[in-house]
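Engineer: This is the structure, below, for whatever I ask next.
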Amino acid sequence: MSSVLYTAIATSAGRDGRSASSDGRLDVTLARPKELGGDGAGTNPEQLFAAGYSACFASAMQLVGQRMKLDVSDAAVTAEVGLKPNGQGGFELEVALRAELPDAISAAEGEALLEATHQVCPYSNATRGNIQVSVTRE
């Protein structure tokens, strides 16, 4: 029995074209970045993944912060998503998450917060063991 809380649905035709959600809330032009031989005239899957991961991690951090009684309302998360060859003819991603935390959060509290958030975040759970993900405090 499934206990799915929400399902997002999007359809895309590849790196050059369009990607749209079934509810019409997302409708973006896709284009390969110049670094991959494209014209860079649209967004790309890596940017969309970075936006999704950073938003998800920041949201999970709000939940964990509440549990730890830490005020993270001014926190922000930046995700850098790199695309690289996997050495087997395909490609893989690597992610660097950088969290900006309020100064009132000590180094020890920040480390505990980020570790706990990395265990709660759905993107972190989906990528764990599949791609390299680093989490640091800025």
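All of the numbers you see were taken from the coordinates with simple rules; none came from a lab. Just so it is clear, the model here is predicted, and its values are computed rather than measured. All Cβ positions, even for glycine, are placed from backbone atoms using ideal geometry, and neighbour counts span all protein chains on display.
Engineer: Could you run the Karplus curve 6.51 cos²θ - 1.76 cosθ + 1.60 with θ = phi - 60° over the range 124-138 and give me ³J(HN,Hα) per residue in whole Hz, x for Gly and Pro?
Structural biologist: After applying 6.51 cos²θ - 1.76 cosθ + 1.60, I find 4, 5, 6, 9, 4, x, 9, 9, 6, 10, 10, 10, 9, 9, 8 Hz.
Engineer: Write out the trypsin sites (Lys or Arg not before Pro) in the range 72-138 meeting two conditions: DSSP loop, and at most 15 other Cβ atoms within 10 Å of their Cβ.
Structural biologist: Filter output for the range 72-138: Arg128.
Engineer: Summing -39500 (n - 2.57) over the DSSP H runs of n ≥ 4 in the chain and dividing by its residue number, what mean residue ellipticity at 222 nm do you reach, to the nearest 500 deg cm²/dmol?
Structural biologist: -10500 deg cm²/dmol
Engineer: For the chain, find the longest principal axis of its Cα atoms and tell me its angle to the long axis of helix 107-120, 0 to 90°, nearest 10.
Structural biologist: 50 degrees
Engineer: Also: What net charge is computed for the residues neighbouring Gly82, neighbours being all others with C-beta under 15 Å from the C-beta of Gly82, Lys and Arg scored +1, Asp and Glu -1?
Structural biologist: -3
Engineer: Return the long-range amide H neighbours of Val135 (sequence gap of 5 or more, or a different chain), with a cut-off of under 5 Å between placed amide H atoms.
Structural biologist: The list, which skips near neighbours in sequence, is Leu97.
Engineer: Moving on. For a distance above 26 Å, tell me the whole-number percent of Cα pairs in the chain that qualify.
Structural biologist: The answer is 35 percent, as a whole percent.
Engineer: Here is a further query. Charges only on Cβ, +1 for Lys and Arg, -1 for Asp and Glu: so what's the dipole of the range 1-43 about the Cα centre, in debye to the nearest 20?
Structural biologist: 40 debye
Engineer: Here is a further query. Given points 7 Å out from each Cα along the Cα-Cβ axis, report the Ser22 to Lys34 separation in nanometres with one decimal.
Structural biologist: 3.8 nm
Engineer: With the chain treated as a Gaussian network of Cα nodes joined by springs under 10 Å, which of Leu26, Leu48, Leu114 yields the largest mean-square fluctuation?
Structural biologist: Top of the fluctuation ranking is Leu26.
Engineer: Right, another one. Quick check on the range 1-43: take the gyration tensor over C-alpha atoms, sort the square-rooted eigenvalues as a ≥ b ≥ c, and tell me if it's rounded (a/c under 1.5), prolate or oblate.
Structural biologist: Verdict is prolate for the range 1-43.
Engineer: With no solvent and one point on each alpha carbon, what is the Debye value of log10 I(q)/I(0) for the range 24-77 at q = 0.26 Å⁻¹?
Structural biologist: -0.95
Engineer: Taking the Cα centre of the chain as origin, work out the dipole magnitude from +1 charges on Lys and Arg Cβ and -1 charges on Asp and Glu Cβ, in debye rounded to 20.
Structural biologist: 400 debye
Engineer: Compute the FRET efficiency between Ala96 and Thr11 as 1/(1 + (r/R0)^6), taking r as their Cβ-Cβ distance and R0 = 35 Å, and round to the nearest 0.05.
Structural biologist: Efficiency computed from Cβ-Cβ geometry: 0.75.
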